[in-house]
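First up is the structure itself, then whatever we jot down about it.
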Amino acid sequence: MTIKQLVIYVALVLGLITPVLVFAQTPSVGATVNADASVNAAGASASVTAGAKLTAAESKLQTRGDAEIDRRTAALIDLNTRVQAMQKVTDAFKQNLSANIQTQLTSVAALKVKIDADTDPTTLKADLKSITDSYRIFALVLPQGSIAAAADRSVTLVSMMSTLGAKLQARVQAAGQAGNNVTALTAALTDMASKLQDAQTQAEAAVTASAALAPDGGDATKMASNNAALKTARADIKTATTDLTAARKDVTTIMAGLKSMPAASASASSTVSATQTQTQ
């Protein structure tokens, strides 16, 4: 029992005992009034205790809301940094996504101020619920940005590996002209080009699928549509990643073949190694 609780307890006990003593000594109307006053005092003390618990509950809700908003704010800031670093998506797409992120940052900042100022538990609960219902950052904006970032990286790798592919093709042609059998290497080059083209297509499709998404505002139909679009976009990114992995294996096959051929230029080795390191 804390000191405060002990003081309240003693006050309550004294308030209950004193009227009984007075009543026993002087059974009068005045004693009855004193007894009523003591009961009222006890009720007031109980009310103060209940109020203290209510304040603690409010504070807990506010702390919880602040933590959730801070977590989302940090994630949005990190995403915006990634968006600004994108190189292959269009400027219009970057500007639109960045604007959406800024809108969310402004909205959650305002919501945090409101939560901290709320005093009614019901309002606090509603505001806390709105973090996920109205401000669907994790459900939409962050996945949308992550998909765009992954697509941007995929397209960047496609560009790098296409440049490498052109250099390897020149080496393969030289090896063939020198009398080497380059059938397998030519097939690997063809497969590599096909995989890179598909990776480009899949990455672009992922961006297209997620670009037009908007918060559902609690609309179940819109939410389902958004979820379906995000699922499709994630599948596209996964396919693009698989294509890039296959293309890199083709590079390994081509390099191994060239190294076994006397007429193949060894200068490609360092270039390929550097590019492979960047694609990992």
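Descriptive notes on the structure:
- Our summary gives segment 152-212 a relative contact order of 50 percent, counting only alpha carbon pairs under 8 angstrom and 6 or more residues apart.
- Extension gain for the segment residue 232 to residue 105, taken as residue separation times 0.36 nm less the Cα-Cα distance, is 43.0 nm to one decimal.
- Which listed pairs, of 88/195; 129/231; 60/129, have C-alpha distances above 22 Å, in listed order: 129/231
- Most to least packed among 198-211, 224-237 [average Cβ atoms within 10 Å]: 198-211, 224-237
- The calculated pair-distance distribution of segment 146-279 uses every alpha carbon pair, bins of 5 angstrom beginning at 0, and gives 2, 11, 19, 17, 13, 10, 8, 6, 5, 4, 2, 2, 1, 0 percent.
- 191, 152, 70 arranged by Cβ crowding within 10 Å, fewest neighbours leading: 70, 191, 152
- Highest mean packing first, where packing is the average number of other Cβ atoms within 10 Å per residue, the peptides 90-102, 154-166 line up as 154-166, 90-102.
Each value in this text was obtained by applying a stated rule to the coordinates, not by laboratory testing. No experiment lies behind these values; they were computed from the predicted model shown. Cβ: placed from backbone, ideal geometry, glycine included. Neighbour counts: every protein chain shown.
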